[in-house]
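A short reminder: the numbers here are calculations on the coordinates, not readings from a lab. Just so it is clear, the model here is predicted, and its values are computed rather than measured. Neighbour counts are summed over all protein chains in view; Cβ atoms, including those assigned to glycine, are modelled from backbone coordinates with ideal geometry.
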Amino acid sequence: MGTISCVSNFIFLSKNSISSSSLPFFKKPIPIFQSFNFSSSSSLQVSASSTSGKAMVGENDLLIVGPGVLGRLVAEKWRESIRLAALSWNGEGSFVFTSSSAPYDCNDNGPCDEDTPTVPIGRSPRTDTLLKAEKVVLEFDGCVVRLAGLYKMDRGAHFYWLHKGTVDARPDHILNLIHYEDAASLSVTILKKKLRGRIFLGCDNHPLSRQEVMDLVDKSGKFDKKFQGFTGTSDPLGKKLNNSNTRKELGWEPKYPSFAHFLGVSE
């Protein structure tokens with residue numbers, strides 16, 4: 001029997017009882033200091049513990065930081081919660097924060113990797129929030145993994161656009177993706193290696209334009225709705241992410257190497 005203890009949106013797990021296939025997903029932020037007892041053969045049991053104490057993450061624990069669905073922003077309150085989570089870590093074991101690839105300073109559909117400079121502080125409230133949160137984590141010697149656009153069959157940009165029908169955005173904007181399962185397995189890989197103060201990048205290395213994404217959705221025949229199209233012409237372009245350095249250092253590869261592979265169609 002292992003234990004998952006949660007500090008606000010932040011989860012630490014006994015490393016002896018966790019694997020990438022058993023990592024739980026929570027769609028909403030978890031209240032402060034709930035604890036979960038689990039095993040691979042039993043259903044998740046939830047019990048609340050006192051909010052007066054402080055959860056400590058030690059040598060045999062894994063601390064995963066991520067608000068709700070991986071990568072979602074909750075502005076200043078989120079950053080404050082990150083500091084709370086970091087303060088609950090005793091410096092042993094592992095600590096990783098799931099961030100976003102948004103801070104990379106590239107918006108011309110050009111190449112981007114782990115070493116690409118980030119957006120200067122002050123240019124964008126969104127990237128400011130992310131970079132300041134990352135700074136807190138790195139100050140505590142934790143690791144950051146910057147994730148591309150997360151998806152599964154019924155969640156992600158493709159699903160939103162499909163249900164919207166017509167989208168006021170340019171079709172040639174480049175999108176980068178990573179499946180939720182792959183984001184989880186990458187995070188666990190970082191945790192198990194007990195790395196310190198590092199930034200990694202999570203993506204499938206198969207960037208697609210918005211139009212290409214929706215063409216694959218249509219080609220797959222897996223969705224009832226029909227996408228009508230993109231109508232924008234002047235919004236910003238994107239970036240083409242490549243995380244070959246992350247893969248080489250960690251020895252990690254995604255289960256779903258591309259969105260097309262996930263859908264079971266050829267590109």
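For an R0 of 45 angstrom, estimate the FRET efficiency from the Cβ-Cβ distance between residue 235 and residue 92 and round to the nearest 0.05.
That gives a FRET efficiency of 0.50.
Just tell me which aspartates and glutamates come within less than 19 Å, Cα to Cα, of residue 192; anything on the same chain fewer than 8 places away is out.
59, 61, 92, 141, 181, 182, 249, 253
To the nearest 0.05, what FRET efficiency results for residue 160 and residue 222 with a Förster distance of 25 Å applied to their C-beta separation?
Given R0 = 25 Å and the Cβ-Cβ separation, E is 0.95.
Determine the shape class of segment 218-267: with a ≥ b ≥ c the square roots of the Cα gyration tensor eigenvalues, call it rounded for a/c under 1.5, and otherwise prolate if a/b is greater than b/c, oblate otherwise.
The shape class here is oblate.
Per residue of segment 221-226, what does 6.51 cos²θ - 1.76 cosθ + 1.60 with θ = phi - 60° give for ³J(HN,Hα)? Whole Hz please, x for Gly and Pro, Karplus curve as stated.
Once θ is set to phi - 60°, the couplings for segment 221-226 become x, 9, 10, 6, 6, 10 Hz.
Could you pull out every residue, at least 5 positions away or on a different chain, whose amide H is within less than 5 Å of the one on residue 149? Hs are placed 1.01 Å off N in the peptide plane, and Pro or chain starts have none.
HN-HN under 5 Å from residue 149: 176, 177, 178.
Which order, highest average first, do 105-112, 235-242, 184-191 follow once you tally other Cβ atoms within 10 Å for each residue and take the mean per peptide?
The peptides rank, most packed first, as 184-191, 235-242, 105-112.
Anything over 25 Å Cα to Cα? Flag those among 164/219; 135/164; 135/255; 135/193, in the order listed.
Pairs exceeding 25 Å: 135/164; 135/255.
Apply the Karplus parameterisation 6.51 cos²θ - 1.76 cosθ + 1.60, with θ equal to phi minus 60°, to every residue of segment 98-103 and state each ³J(HN,Hα) to the nearest whole Hz, in sequence, with x for glycine and proline.
8, 10, 10, 7, 4, x
Would you please put 118-130, 149-161 in order of how densely packed they are, using the mean number of other Cβ atoms within 10 angstrom per residue and starting with the highest?
149-161, 118-130
Given H placed 1.01 Å from N in the peptide plane, which residues other than close sequence neighbours of residue 201 have an amide H under 5 Å from its amide H?
Amide H neighbours of residue 201: 146, 246.
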